[in-house]
1. Between residues in region 200-224 that are without any contact (Cβ under 8 Å) to a residue 24 or more places away in the chain and residues that are in a helix (DSSP H, G or I) and surrounded by 12 or more Cβ atoms within 10 Å (Cβ to Cβ), which pairs lie under 6 Å by C-beta distance while being six or more apart or on different chains?
2. How do the pairs read when you match residues in region 23-40 that are farther than 26 Å from residue 271 by Cα and touching a residue at least 60 places away in the same chain (Cβ under 8 Å) with residues anywhere that are open to solvent by 60 Å² or more (accessible area, probe 1.4 Å) and part of a helix (DSSP H, G or I), using Cβ under 8 Å and keeping only pairs 6 or more apart or on different chains?
3. Condition first: outside any loop (DSSP other than H, G, I, E, B) and under 30 Å from residue 205 (Cβ atoms). Now tell me which residues in region 69-89 satisfy that.
4. Say we look at region 284-339 and pick out the residues that are in a strand (DSSP E or B) and not hydrophobic (A, V, I, L, M, F, W, C); which of these is farthest from residue 226 (Cα to Cα)?
5. Check whether at least one residue in region 169-189 is open to solvent by 10 Å² or more (accessible area, probe 1.4 Å), under 20 Å from residue 92 (Cβ atoms) and outside any strand (DSSP E or B), and report yes or no.
6. Those residues that are surrounded by 13 or more Cβ atoms within 10 Å (Cβ to Cβ) and of a type in the set (D, E, K, R), I need them from region 206-231; list them, please.
7. Just one of 17, 91, 52 is open to solvent by 40 Å² or more (accessible area, probe 1.4 Å), in contact (Cβ under 8 Å) with a residue 24 or more places away in the chain and not aromatic (Phe, Trp, Tyr); which is it?
8. In region 58-86, which residues are within 22 Å of residue 111 (Cβ to Cβ) and polar (S, T, N, Q)?
Amino acid sequence: MRTTDMFLAGIGTFIPPRVSVEWAVARGLYPAADAETHELGGVAIAGDLPAPEMALRAAQQAVKRWGGSPEEFDLLLYASTWHQGPDGWPPQSYLQRHLVGGDLLALEIRQGCNGLFSAMELAAGHLAAVPERTSALLVAADNYGTPLIDRWSMGPGFIGGDAASAVVLTKQPGFARLRSVCSRTATAAEALHRGDEPLFPPSITAGRTTDFSARIGQQFATRSPASVAMADMPQWTVELVDRALGEAGIGIRDITRVAFMNYSREVVEHRVMAMWDLPLSRSTWEYGRGIGHCGASDPILSFDHLLRGGELRPGDHMLMLGTAPGVVVSCAIIEVLESPSWAG
């Protein structure tokens with residue numbers, strides 16, 4: 001989706017205290033072999049701080065950096081990958097009550113770790129549809145420190161980290177421009193994250209743990225159609241990024257940094273960066289390895305980190321890339337127009 005005159009005017013993050021992988025290995029939480037294989041450094045853990053409260057703090061920071069009023073928002077989108085509070089309760093209402101107010105459209109997006117990509121695409125269309133609409137607040141938050149999921153083994157090649165992020169997307173001038181956002185779904189791989197589990201009753205209501213490693217492993221062990229379809233994912237990803245680059249009017253060599261999900265070194269270096277013959281140093285792996293895979297927040301956490309560290313300057317382009325169950329591949333290209341006052 002080519003986005004015309006869509007700007008990022010503020011971003012916010014909340015990352016709780018971190019613990020090291022060595023700490024987890026010493027306590028028997030994380031296998032020493034995995035620590036050596038994946039080269040991850042640590043993970044952010046929120047304790048009993050609810051995800052919606054983290055989302056509120058990130059959103060408050062984004063609004064403060066933006067300088068506008070929360071009452072100006074025309075849309076609120078809340079991306080999540082794990083349970084947010086009492087079942088049947090919408091977490092976006094927490095932000096609506098405590099920050100934005102009003103009767104704007106507020107929705108939760110359950111698109112897995114690609115939730116913020118979907119939010120960008122939906123928000124851009126929503127704002128462009130009506131001239132009077134100007135700004136949207138996009139947030140993401142998760143706390144995996146709950147029963148029925150183990151952050152240390154929830155999926156292959158990553159550790160689940162707790163965090164929140166927020167973006168002010170607006171048609172008004174901002175410090176960065178959203179040049180393009182695209183997604184593509186490999187429907188043949190739908191069962192990859194479902195495994196052989198029954199659809200009913202839903203696993204969480206039956207007290208079954210969520211273990212993506214086990215589900216994915218079962219699919220590959222049985223050579224299921226979903227596992228076979230994954231062989232095409234690298235080509236699909238290249239084609240998707242080529243489309244986004246074309247919509248942005250640039251080439252891959254114009255990309256300053258690449259933010260993939262906070263996975264192992266092997267995944268980021270050999271399965272992502274190698275597709276474009278880019279060095280690992282152009283990725284955000286070194287930062288991400290210290291906080292864990294924080295659901296849908298990964299790309300914005302990395303973007304904020306690079307801006308604050310002065311590693312992105314006016315004229316630079318950042319490629320954000322992620323995957324989610326479905327299997328969905330998404331990417332976005334953001335151009336930095338000016339160094340925001342809160343950045344390094």
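1. These pairs meet every condition: 215/193; 220/227.
2. none
3. Result: 76, 77, 78, 79.
4. 335
5. no
6. The answer is 208, 211, 215.
7. None of the others qualify; the one that does is 17.
8. 80, 81, 84
The values are calculated or read from the model by the stated rules, or taken from the named source; none is laboratory data. Given the structure is predicted, the values throughout are model-derived calculations rather than measurements. Note: ideal-geometry Cβ built from the backbone for every residue, glycine included; neighbour counts use all protein chains shown. Calculation scope for accessible area: heavy atoms of the full protein, side chains included, ligands and nucleic acids excluded. Shrake-Rupley method; radii C 1.70, N 1.55, O 1.52, S 1.80 Å.
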